[in-house]
Amino acid sequence: MNQDYIKAGKIASLVRNKIKKKNLIGLSVYEICEKVEHEIMYQGGRCAFPVNVSINDVAAHYTAEPEDQKIIADKDLVKIDLGVQINGYIADTATTISCDYNDDNLVEITENALKNAMLIIEPGIKSNNISKIIEETITQSGYKPIVNLSGHSLDKYTIHAGKSLPNIWSAEYFLLSSGDVYACEPFVTTEYGSGLVKEGNIKNIFALVSRKKTKDDELDEFIEYIWNKFNMLPFSLRWIHEQWNKKKSKELLDKLIKKKSIHAYPILLESNNQKVAQAEHTFIPIDNGVNIITN
């Protein structure tokens, strides 16, 4: 088994557990992102993507802007999704922190769905058996899974490597292979939720998708800077605005998005504006069961 995955998983688990113990109320999203990302680097890892701090009905893909002033309030439900990479090998994990005891049960059911899924992992299992367990755990508790979000396979420098692990049963499936790497991540909303997410207007996570020359020296220099620093992994404005000032960074990003050289990830919102919880582990099926590297 690749030891870089194991090391990345240990760091991801340690950092997730440390932030989970903190009282987030009164902290800014910027402080949380910076704290988590610095801890990843302090522990010897590199960030596989900007830490997501998604609040309430924002299910995913929110990270802090430079000098972000958004503050965690005492009624918020906060999802923290982090990734660690060692030489391109990624461990992806997430947890939900409830600032209001009324959301504790939603968080617990989400964690139970992940735990129950992990109990049945073995090489050769059908992917839709995992999805079925997730869906049943959630719906039998009176909540709703997010239908259009799913777990995924991982590969070197690739967070979404082509295979999906849906959070509801589907007739389509694949067989999980020994030694392959996957992330399982149930997203759960309340009984009043639609069970669907939609794209929001905010886009503050980006990824390079093409190194094709643009015939613009400044843009080409920017592309090479992104490639050398992040490969094809996602990045945020916070990570580049010191090298390229905020105004110039935004200008270059906008141009490259229009040229389809860079992809911008929109935040994902629960369609009925209901709160969403998330839990996630990265795991590797092995001969005698499963190695949950972010456990």
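The values are calculated or read from the model by the stated rules, or taken from the named source; none is laboratory data. Everything numeric here is computed off the predicted structure, so don't read it as measured data. Please note: Cβ atoms are built from the backbone with ideal geometry, for glycine as well, and neighbour counts cover all protein chains shown. To get the accessible areas, we keep the full protein, side chains included, count just its heavy atoms, and leave off ligands, DNA and RNA. Shrake-Rupley method; radii C 1.70, N 1.55, O 1.52, S 1.80 Å.
Odds and ends about this structure:
- Average accessible surface area per residue within the stretch 36-84, 1.4 Å rolling probe, Å²: 36 Å²
- Couplings 3J(HN,Hα) of the stretch 106-119, computed from phi: 4, 5, 4, 5, 4, 5, 5, 4, 5, 4, 5, 5, 5, 5 Hz, in residue order, whole Hz [Karplus 6.51 cos²θ - 1.76 cosθ + 1.60, θ = phi - 60°; x for Gly and Pro].
- The stretch 98-147 - accessible surface per residue (Å², probe 1.4 Å): 46 Å²
- For the stretch 244-295, a simple Cβ point-charge model (Lys and Arg +1, Asp and Glu -1, everything else neutral) yields a dipole of about 720 debye relative to the Cα centre.
- M232 accessible area, assembled protein chains, probe 1.4 Å, Å²: 70 Å²
- Under 18 Å from the Cα of K163 - lysines, other chains or at least 8 residues apart: K126, K132
- On Cα atoms only, tilt of 127-139 relative to the major axis of the chain in degrees: 70 degrees
- Across the stretch 88-103, computed HN-Hα scalar couplings (Karplus, 6.51 cos²θ - 1.76 cosθ + 1.60, θ = phi - 60°) run x, 8, 10, 10, 10, 8, 8, 9, 10, 10, 8, 8, 10, 4, 5, 9 Hz from first to last residue, x flagging Gly and Pro.
- When the surface is traced with a 1.4 Å probe over the full set of protein chains, W227 keeps roughly 70 Å² accessible.
- Surface composition of the stretch 47-189: carbon plus sulfur atoms hold 45% of the accessible area, using a 1.4 angstrom probe and ignoring ligands, DNA and RNA.
- Backbone geometry of the stretch 46-52 corresponds, through the Karplus equation with coefficients 6.51, -1.76 and 1.60 at θ = phi - 60°, to 3J(HN,Hα) couplings of 10, 6, 7, 6, x, 4, 8 Hz, x marking Gly and Pro.
- For the listed residue pairs K18/K70; K70/K247; K229/K255; K79/K246; K115/K275; K10/K247, the alpha carbons are over 30 angstrom apart in K10/K247.
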